[in-house]
Structure formats: C-alpha cells, structure tokens
Amino acid sequence: MSSGSSSSPLSTSGTDPEPQPARIPRLGWAIAFLVVTTLIAWAYTQFNSSVQSRKISPRLEKYAPAPEFQLTAQDGKTVTNADLKGKVWVANFIFTRCAGPCPVMTSRMAEINQALARKAKDVELVSITVDPEYDTPQVLKEYGERAGADPAKWKFLTGPKDQVEAVVQKGFLQALAKEPSGIPIHSTRFVLVDRDGWMRGFQDGNDPEIVQKLLMDIGDILREPSTAAQK
C-alpha cells in the first residue's frame, strides 16, 4: 500500500492561461494599406516629375537674347527677328563663294531641313551671308535652290555690310574678319534660338554629330512652355 495522496491526471495547475495578442481589425489593415499605397504613389510621382524636369533641357542655358535685325531674304522679302518670334530657329553664317567650310555647313543645314520637313512646323532655319556685297538676294536664291531650301522654312539673308557685321559680331557673338585678299573669315558655329528669342546653344559646324545634337536640342526646346506661344 502506498501512503500519501496522488493527484488526478485530469487536474490542472492554478495558473491562468497566457493572454493572446490583440488582433488588428480588418478596417485597420485597410487603412494602413491605403496609407502605404498613397505614399508609394506620391513618391513615384515626385521621382517621375524630377526625372522629367531634368529631361527638359537643363543643359540649354539662356545665354543672351538673339539680336534685332532687318535683312532681306532670297525671295526679296524683308525678314526681321520679330518674324521668328514663336519659332525655334537655327542660324549659321556662310557665303556662296566660300571654298572652305561653307559647303559642309550648308550640307548639314540641309540635313536638318530634311529631317524637320514633315515633323516640326514651328522650326525655321536661317543662313546669314558674311559676304553681303557679293551675295545679293538673287545669288542667295540660286544657292538656296541647289541646297533644296524652301524660303518659307529656310531663309538665306543678306543686307548692308555694316548691319550684317553688327548682327554677326555684336548680336550673335560670333567672330568675323577678312583675309588680306578680302575673303571673309567667319565662325562655323550654328546658333540655336528658342521661341522666346533667347540664344540657347552654340554647336560647332565641324562636329560630325552636329545634326543629331541639334535635332535633340530642338526637340527639347519644343517641349518647353513658351511665353510667346501663350500670348
């Protein structure tokens, strides 16, 4: 016989069961999910806006206003800087009897002209002669026709010698001189002007990639808001 008492296998200890953690109601989960989703959407919007703002010509500074001028085009019509307001335009400086860089510069302008022909109605090209005493409107007309220029989209401009020199040197900030023989020595740069009349870029005409670079810059500027277009 055994002495003492034995406990029943069905007996329980005197301690209380551990409390279970409180569960978040379904409404709480829904609110938390909505808050997180909203924050993610806001962050994405801010990031995308930042990327887009960087895409729109941060590198194309506003250097200076393009000069005022009143010159004559190859079709005999007077052209002023005001006529180009609201347009993106590219200017270069050539002369028709040039045996140096001018043929290449005109060829590259012709490439831009062809690339833009059916795509950009708000873009014009301007070639200003630095030999205005020889390059009359008729001479420029024949030269432009050989390059495939439509006067409505690609203007070849001439005018009084002193006016042309002032426009090129003081207005567009480009070098211009003469050899002892009288042949002009001139800048080979292409100048990009926006719709508000600001000079935004200077590309070297000797750069083999100038056409692609200018087309990209033109596209960037066309995507910018314009005060001229809003008036």
Of (1) crowded, with 20+ Cβ neighbours inside 10 Å; (2) under 24 Å from R97 (Cβ atoms), D204 fails just (1)
Among the candidates K77, K85, residue that is within 21 Å of the chain's Cα centre (by Cα) and at pLDDT 65 or above:
K85
Yes or no: the stretch 178-196 includes at least one residue that is assigned to a strand (DSSP E or B), over 16 Å from the mean Cα position of the chain (by Cα), in the same structural domain as C102 (by TED's automatic domain parsing) and charged (D, E, K, R).
yes
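Yes/no matrix, rows are residues, columns are (1) more than 15 Å from R59 (Cα to Cα); (2) modelled with pLDDT under 95:
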{"site": "K161", "(1), (2)": "yes, no"}
{"site": "M199", "(1), (2)": "no, no"}
{"site": "Q203", "(1), (2)": "no, no"}
{"site": "A228", "(1), (2)": "yes, yes"}
Those residues that are surrounded by 15 or more Cβ atoms within 10 Å (Cβ to Cβ) and in a strand (DSSP E or B), I need them from the stretch 71-88; list them, please.
L71, T72, A73, V79, V88
I'm told C102 meets every condition in (1) without any contact (Cβ under 8 Å) to a residue 12 or more places away in the chain; (2) surrounded by fewer than 13 Cβ atoms within 10 Å (Cβ to Cβ) except one. Can you identify the failing condition by its number?
(2)
If I filter the stretch 89-110 for residues that are part of a strand (DSSP E or B), closer than 14 Å to F69 by Cβ and more than 20 Å from the chain's Cα centre (by Cα), do I get at least one hit?
yes
Assess whether L125 counts as being without any contact (Cβ under 8 Å) to a residue 40 or more places away in the chain and touching a strand residue (DSSP E or B) at 6+ places or on another chain (Cβ under 6 Å).
yes
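Yes/no matrix, rows are residues, columns are (1) touching a residue at least 40 places away in the same chain (Cβ under 8 Å); (2) of a type outside the set (V, I, T); (3) surrounded by fewer than 16 Cβ atoms within 10 Å (Cβ to Cβ); (4) more than 18 Å from A152 (Cβ to Cβ):
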{"position": "L60", "(1), (2), (3), (4)": "yes, yes, no, yes"}
{"position": "Y63", "(1), (2), (3), (4)": "yes, yes, yes, yes"}
{"position": "F93", "(1), (2), (3), (4)": "yes, yes, no, yes"}
{"position": "R97", "(1), (2), (3), (4)": "no, yes, yes, yes"}
{"position": "I112", "(1), (2), (3), (4)": "yes, no, no, no"}
{"position": "A117", "(1), (2), (3), (4)": "no, yes, yes, no"}
{"position": "A120", "(1), (2), (3), (4)": "yes, yes, no, no"}
In the stretch 119-147, residues that are in a loop (DSSP other than H, G, I, E, B) and within 15 Å of T96 (Cβ to Cβ) total 8
Out of curiosity, is P184 surrounded by 22 or more Cβ atoms within 10 Å (Cβ to Cβ) and touching a helix residue (DSSP H, G or I) at 6+ places or on another chain (Cβ under 7 Å)?
no
Checking G219 against (1) among the small types (G, A, S); (2) part of a loop (DSSP other than H, G, I, E, B); (3) surrounded by 14 or more Cβ atoms within 10 Å (Cβ to Cβ): exactly one of these is not met. Which one?
(2)
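The values are calculated or read from the model by the stated rules, or taken from the named source; none is laboratory data. Model, not experiment: these values are computed from the prediction. No Cβ is skipped: glycine too gets one built from the backbone with ideal geometry, and neighbour counts run over all protein chains shown.
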